[in-house]
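Beneath this line is the structure, given in structure tokens, with notes to follow.
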Amino acid sequence: FPQKVKLNKDMTVSFADAGAGFIFSPGFACYLKRTYDGVLLPELDHATAFFNSVTSIPAFFWLDKEYKADADSFGTSYLDDAQWYINRKEKFSFATKGGHNYEPHNHNDLGNFLIVVGTDMPLCDLGAPEYIRYKHYDDRMVNLNFSSKGHSVPIINGQYQCLGKEYKSEVKKAEENVFSLDLQGAYENGIINKINRTYTINDDGVLLKDIFEYSEKTESITERFVTRTKPKVLEGEIDLGTASILFDKDLYSVTISEDSYTSHRNMAGNPYIKVMGYLIDFVAKK
């Protein structure tokens, strides 16, 4: 699992409340490599001793004196129980997810995706915010990070995805460079008949294709993309620094808004900070 969710030397998949920074126990990694075929040893740059963990003492004795890191692997991984799809290319890494909207540390994020280029995440998952005590679990959904408002997924009639285990996706295809899933089950029943989202991953980028089948209740559809990078709007292009969103300017109008959140306190005890998120919305002109 660690090497499947590791997107490069520094970053991992950051769905739900997970962080994007990669850390690992080198002793435990050595134990796994001796025990199972196919386990790769990461570079020691991101090793940690996990002093507060019950595994810290055995991990010390498991560490190989002649530790030698393996080269990172490329290719596709699919974790079918969680409906996580991860594709590591030489130029970038891509990850997306299905599942249901009542998972552990849940965010309403079915169909959300992220792209990593080097050590940058131009299209991102915002990860965990500051933890606040809510009177009811459902109250979390007003938060940008927990709600689908802060994820790269469609908005139907101005409404976001619903909270609950019954709100789920259905994976249609999980292949080497293609992942497809139906998302209508994540939204209020009857608000739309069909949402099929397909990602085709090429060597130089990702092609996103969404197919919608309107119901009698469908009034509007907004395609949202989320980034921490301040976007630059060009002719048929949204420049995000290390990547761009390409679109037909004759077919879509684009608006960009800002929203902020307070970051989660990390394991190193760093203080909470205010983080700006940028919401890029596409609406079809016709």
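The values are calculated or read from the model by the stated rules, or taken from the named source; none is laboratory data. Just so it is clear, the model here is predicted, and its values are computed rather than measured. Cβ sites come from the backbone with ideal geometry, for glycine too, and all protein chains shown count toward neighbours. Accessible surface areas use protein heavy atoms only, side chains included; no ligands, DNA or RNA. Shrake-Rupley method; radii C 1.70, N 1.55, O 1.52, S 1.80 Å.
List of remarks:
- All conditions in (1) at pLDDT 95 or above; (2) within 20 Å of N145 (Cβ to Cβ); (3) not small (G, A, S) hold for I273, with the sole exception of (1).
- Residues within the stretch 39-61 that are open to solvent by 80 Å² or more (accessible area, probe 1.4 Å) and of a type outside the set (D, E), tallied: 7
- Filtered residues of the stretch 220-229 (kept if closer than 13 Å to P154 by Cα and either surrounded by 12 or more Cβ atoms within 10 Å (Cβ to Cβ) or under 19 Å from the mean Cα position of the chain (by Cα) (or both)): I221, T222, E223, R224, F225, V226
- When the stretch 121-168 is filtered for residues that are among the hydrophobic types (A, V, I, L, M, F, W, C), part of a loop (DSSP other than H, G, I, E, B) and over 27 Å from K194 (Cβ atoms), the ones remaining, listed by number, are C124, L126, A128, I132, L144.
- Looking only at the stretch 62-121, and only at residues there that are of a type in the set (D, E, K, R) and within 15 Å of T12 (Cβ to Cβ), the one that is most open to solvent (accessible area, probe 1.4 Å): D72
- For the stretch 269-283, a tally of residues being open to solvent by less than 50 Å² (accessible area, probe 1.4 Å) and either in contact with a His (Cβ under 9 Å, 6 or more places away or on another chain) or in contact (Cβ under 8 Å) with a residue 40 or more places away in the chain (or both) returns 7.
- Qualifying residue in the stretch 247-268 (condition: touching a Cys at 6+ places or on another chain (Cβ under 9 Å), at pLDDT 95 or above and either assigned to a strand (DSSP E or B) or exposed (fewer than 13 other Cβ atoms within 10 Å of the Cβ) (or both)): no
- Among the residues of the stretch 94-114, the ones that are under 11 Å from the mean Cα position of the chain (by Cα) and not in a loop (DSSP other than H, G, I, E, B) come to 6 in all.
- Residue within the stretch 230-239 that is touching a strand residue (DSSP E or B) at 6+ places or on another chain (Cβ under 9 Å), modelled with pLDDT of 95 or more, open to solvent by 50 Å² or more (accessible area, probe 1.4 Å) and among the basic types (K, R) present: yes
- Output for the stretch 122-146, where each listed residue is open to solvent by 10 Å² or more (accessible area, probe 1.4 Å), modelled with pLDDT of 80 or more and not aliphatic (A, V, I, L, M): E130, Y131, R133, Y134, K135, N143
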